[in-house]
Amino acid sequence: MKKRILKLYENDVIRYIFWGGCTTLVNLVSFYIMRELGIILMAANVVSIILAILFAYVVNSRFVFHDQCATLADHIRPFLKFVSARLVTMVIEVGGVWLLAVVMGFHDMVAKFCTQFIVLVLNYIFSKFIIFTTGKKTGGSK
């Protein structure tokens, strides 16, 4: 069983789903806590997304795509690309939560949860093909 799990973990899609799930938890739990503390909807949403973005960069760079950044300076370009791509999906997420919660009347957490699927797919595409390319061979698989 352990060998089967390790074999599955070799696949970057499986790693992305696992760490993406952890990132989603960071996003949802921080959003929930802030809403319980009385922080307004949009502020809680934006802050929870920022926390998730920071967490996601670290785990995606290190554990999912194994980016080959040797120094802190090597991280600047992929980090800026990562944040730029995540800002695009953040606009989609914020707009989606607003549309579902405010306009359509869904519960905040339902609205937040529903937007995660679109964001997850887009973030994978951006990360795999645009952001984490440092030190990778092109035209072939690892």
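Readers should treat all values here as calculations from the given coordinates under stated rules, not as data from a laboratory. Nothing here was measured: the structure is a model prediction, and the numbers come from that model. Counting neighbours? That spans all protein chains shown, and the Cβs are built from the backbone with ideal geometry, glycine included.
Structure notes:
- Computed label-point distance, nm, for sites Lys3 and Val102 using a 7 Å Cα→Cβ extension: 5.6
- Loop-located GluC sites (Glu not before Pro) in the stretch 1-94 (DSSP state other than H, G, I, E, B) with a sparse environment of at most 15 neighbouring Cβ atoms within 10 Å: Glu10.
- Value at 222 nm in deg cm²/dmol, rounded to 500, when DSSP H runs of n ≥ 4 in the chain each add -39,500 (n - 2.57): -22500 deg cm²/dmol
- Cβ charges +1 (Lys, Arg) and -1 (Asp, Glu), total dipole of the chain, debye: 700
- Lysine pair count for the chain [Cα-Cα under 15 Å; pairs on different chains or 8 or more apart]: 5
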